[in-house]
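The values are calculated or read from the model by the stated rules, or taken from the named source; none is laboratory data. Computed from a prediction, not measured in an experiment: that's the story for all the values here. Because the Cβ atoms are built from the backbone with ideal geometry, glycine has one as well, and the counts that use them run over all protein chains shown. Surface areas here come from the heavy atoms of the whole protein model, side chains and all, with no ligands, DNA or RNA. Shrake-Rupley method; radii C 1.70, N 1.55, O 1.52, S 1.80 Å.
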Amino acid sequence: MGAVARLALSLETLLTDLKPVKESKENAAPWWGPVVVPHGHAGRWQIGPLTLWVERLQGEWRIARSSSDDAGSARVEHEIGPAKDDLLSHESLSRFGLSGQNESIALVPALADRPVVSTPRRPFYIPAGEEVTIYVGTPLWIRLFVGETQLDEFAIHQPPDTWFGPSPQMGEVCYASRSFCRLQLEAVLTTPHRATTSVLIQNHASTSLYLDQVKLPVPYLSLYSDPDTADLWTNDVVLQRVEDQELAPLQVRDGAPASLLRAREVCAPRRQASGNVMIRAFETLFSDRLGGA
């Protein structure tokens, strides 16, 4: 099944006779899904800090975008109408030649193509034998499809690169999350350009785990939509610290997160995990530090 088919969204719920549409959190309307852009018309989307333009001409699609510095923006709106701006003047313009007459383009949210490193506002300890659930915000990408043909893919708001590993020779390049990982669900700030992951960290070792960073391998996760709020979530994840191991078992729980009652999948994982995956999830796995959280 293609990514567009997996969306399973009704055109009738996303379009209003091609009139300008502005959505707010109260509307709980998703910014993704298929939208009709007739020949000679253009669409404009505001998704958090991203402004996206899509223009349909005879034999081609034109796509341009710009991003503000407001990484905390929660604005969501879109409009479809006759093309007014000359997209050829945009430095970010990409042109795609297609022979078909399809006037529908689908916006599909996706998770990052690399692991994401998140930090708590202040590091804390997980004592031996204890477990804690944290909530991690991760950046989203957009894929643009015409039929089954993918035209483009890019980050809604490009996250900074970061190195995760015990030394410059051992580790990997990841993305740094722009939001803090949280211990309380009500403290999570949801935005349209981020997804939230519930991460259960279990410390099965005999010493405390000092948690100042955690790496989440988001390419193994699916995206789910909360139909009540249009927020995006991933599968729930379990990370285990095991005695005498430098790698932590990662368990991706099947299906939608437990906190969502009527979630639907909107994007499959980039990579498929077979059973538990062993990853370096914590910067310092065995900590000799003493103290409290």
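Structure values in brief
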| item | result |
| --- | --- |
| 5 angstrom amide H check on residue 41, placed H, neighbours 5+ away | 56, 83 |
| Computed E for residue 74/residue 185 - FRET, C-beta separation, R0 25 angstrom, nearest 0.05 | 0.90 |
| Surface accessible to a 1.4 Å probe, residue 162 within the full protein complex, Å² | 40 |
| Alpha-carbon centroids, the range 132-192 and the range 240-275: separation in whole Å | 15 |
| Kirkwood-based shape ratio for the range 205-277, expressed as Rg/Rh from alpha carbons | 1.04 |
| Accessible area of the range 152-250 divided out per residue, in Å², using a probe of 1.4 angstrom | 38 |
| Residue-normalised accessible area of the range 34-91, expressed per residue, 1.4 Å probe, Å² | 44 |
| Sequence-separation-based contact order of the range 32-83, relative, with Cα cut under 8 Å and 6+ spacing, percent | 41 |
| Under the Karplus curve 6.51 cos²θ - 1.76 cosθ + 1.60, θ = phi - 60°, whole-Hz ³J(HN,Hα) for the range 253-264, x wherever Gly or Pro sits | 6, 5, x, 5, x, 5, 7, 9, 8, 10, 6, 10 |
| Residue order for 226, 85 - accessible surface, 1.4 angstrom probe, largest first | 85, 226 |
| Karplus (6.51, -1.76, 1.60) ³J(HN,Hα), θ = phi - 60°, over the range 107-112, in Hz, Gly and Pro reported as x | 9, 10, x, 9, 7, 5 |
| Residues whose placed amide H lies under 5 Å from that of residue 281, excluding near-sequence neighbours | 248 |
| Selection of trypsin sites (Lys or Arg not before Pro), the range 200-267, meeting DSSP coil and at most 15 other Cβ within 10 Å | 253, 262 |
| Value in Å of the Kirkwood radius, where the range 82-159 supplies the Cα pairs that are averaged | 16.8 |
| Carbon plus sulfur fraction of accessible area for the range 177-231, probe 1.4 Å, in percent | 46 |
| log₁₀ of I(q)/I(0) at q = 0.11, 0.21 Å⁻¹ - the range 46-187, Debye sum with one point per alpha carbon | -0.57, -1.36 |
